[in-house]
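Each remark here refers to the structure printed beneath this line.
The values are calculated or read from the model by the stated rules, or taken from the named source; none is laboratory data. Here the structure is a predicted model, which is why all the values come from computation and not from measurement. Cβ atoms come from the backbone with ideal geometry, glycine included; neighbour counts cover every protein chain shown. Side chains included, ligands, DNA and RNA excluded: accessible areas come from the protein's heavy atoms. Shrake-Rupley method; radii C 1.70, N 1.55, O 1.52, S 1.80 Å.
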Amino acid sequence: MKLLVTGCSGFIGYHISKRLCISGHEVIGIDNMNPYYDVRLKEARLNKLLDFENFAFELIDISSEDCVKNLFSKHSFQRVIHMAAQAGVRYSIENPDAYITSNLIGHFNILESCRMYNIEHLLFASSSSVYGLNKKLPFSTNDSSDHPVSLYAATKKSNELMSHSYSSLYGLPITGLRFFTVYGPWGRPDMALFKFTESILSEKKIDIYNHGELARDFTYIDDISSAIEALIDIIPLANESWNTIEGPISESSAPYKIYNIGNSKPIDLIDFISALEAELGIKAKKNFLPMQRGDVLRTHADVNDLSAIIDYQPKDNLKENIGLFVQWYKKYYMSL
């Protein structure tokens, strides 16, 4: 199968591209290689992908309508896995323009080209951040997600709404994926595990917000990539009997579906840090701070619908998973 993966040099995009190449698919990956974090890390991921004969790369910014349309006109993609986006809750407070450009305009350009070139199935990255002020736990795709507390979350919710409208108007099969705090080897430097590891090894203090009273549904990267690979062939179907009064929020009369992809076992942030300290053999110097703007206290994914359709069973071994990240981190930075 010929597949497009956007954001292929990013953390999740890299792992998905690698998995699809190993499975024998022809993968075209695109990325704009922006300097949101160290481009050398993106280049290192990309170089790993270029080792596969069935992978090809094009330097493309999805916010360029012409570039995206030219890409689709050159290739007969069957499915599209759209992971490219400006990531990060905190950075969206500092640089909101980047989120409008990449997450809204870029997402629109992907939708338009998928419509024009009759893509069989579009899967795109959303986020657990869309649940915002929702206090009901676990977070279900059938809960309201109308009160995001960061611009990043608002753009992801907008992606879901834009996608539903295209699915409804044009019969385009679309699946949205709400990721929950992904971690693992080749992770992003702005993510908690990466930042904590870097600071602890450098004997610097780690910033712990809300005085440590936070919990996250930490999800290992292999669980994300394996779930996405399985969902590529789970194409949503239109359900004409569905209605807004009785029908589940995560579905529609259009060929559209939303899934959570999480571990479904939240971990207290302090316990997560303790596991990292044990792996490194170093006690962290801690800087306890108040709650950050745009943050939430706790995330917890309800993955029942995902488990029912693809037998989703996340890898629930925090110690081993953190160990794999630390092993990668030390090897990667020793090679620089």
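How large is the helix-only mean residue ellipticity at 222 nm for the chain, computed as the sum of -39500 (n - 2.57) over DSSP H runs with n ≥ 4, divided by its residue count, in deg cm²/dmol to the nearest 500?
-11500 deg cm²/dmol
Enter the angle in degrees (range 0 to 90, nearest 10) between the Cα long axis of helix 39-49 and the first principal axis of the Cα atoms of the chain, meaning the one along which they spread out most.
Roughly 60 degrees, rounded to the nearest 10.
Considering the Cα trace of region 1-43, what is its radius of gyration and what is Dmax, both in angstroms?
Values for region 1-43 (Cα only, Rg and Dmax): 10.7, 32 Å.
Which angle between 0 and 90 degrees, to the nearest 10, do you get for helix 269-280 versus the longest principal axis of the chain when only C-alpha atoms count?
It is inclined by approximately 70 degrees.
Compute the relative contact order of the chain as a whole-number percentage, counting only Cα pairs closer than 8 Å that sit 6 or more residues apart in sequence.
It comes to 18 percent, rounded to a whole number.
Please report, in whole Å, how far the alpha carbons of region 105-149 spread along each principal axis, starting with the longest.
41, 21, 13
If r is the Cβ-Cβ distance from Thr101 to Ser168 and R0 is 22 Å, what FRET efficiency results, to the nearest 0.05?
Plugging the Cβ-Cβ distance into 1/(1 + (r/R0)^6) gives 0.30.
Would you mind telling me the share, in percent, of accessible area of the chain contributed by carbon and sulfur at probe 1.4 angstrom?
It is 51 percent, rounded to a whole number.
Just need log10 I(q)/I(0) for region 1-109 at q = 0.10, 0.12 Å⁻¹, Debye formula, equal scatterers on the alpha-carbon atoms, no solvent, rounded to two decimals.
-0.27, -0.39
Please calculate how many Å² of accessible area region 233-336 carries per residue, with a 1.4 Å probe and no DNA, RNA or ligand atoms counted.
In whole numbers, region 233-336 has 57 Å² accessible per residue.
Which of rounded, prolate, oblate describes region 110-254, given a ≥ b ≥ c as roots of the alpha-carbon gyration tensor eigenvalues and a/c under 1.5 marking rounded, otherwise prolate only if a/b is larger than b/c?
Verdict is prolate for region 110-254.
On a straight-distance basis, which lysines could pair with Lys286 in a cross-link, Cα separation under 21 angstrom, same-chain partners fewer than 8 positions away excluded?
Lys195, Lys204, Lys205, Lys319
Determine the shape class of region 27-170: with a ≥ b ≥ c the square roots of the Cα gyration tensor eigenvalues, call it rounded for a/c under 1.5, and otherwise prolate if a/b is greater than b/c, oblate otherwise.
Oblate shape, in that a/c is at least 1.5 and b/c is the bigger or equal ratio.
Enter the angle in degrees (range 0 to 90, nearest 10) between the Cα long axis of helix 107-116 and the first principal axis of the Cα atoms of the chain, meaning the one along which they spread out most.
Once rounded, one gets 30 degrees.
Scan the chain and report its longest stretch carrying no GluC sites (Glu not before Pro) that are both in a DSSP loop and have at most 13 other Cβ atoms within 10 Å.
Result for the longest clean stretch: 54-202.
Run the numbers for Ser23 and Ala278: contour at 0.36 nm per residue of separation, minus the present Cα-Cα distance, in nm.
Result: 88.3 nm gained on full extension.
Sorted from largest to smallest, which semi-axis lengths in Å does the alpha carbon gyration tensor of the chain give for its equivalent ellipsoid, taking the root of 5 times each eigenvalue?
Sorted largest first and rounded, they come to 31, 24, 18 Å.
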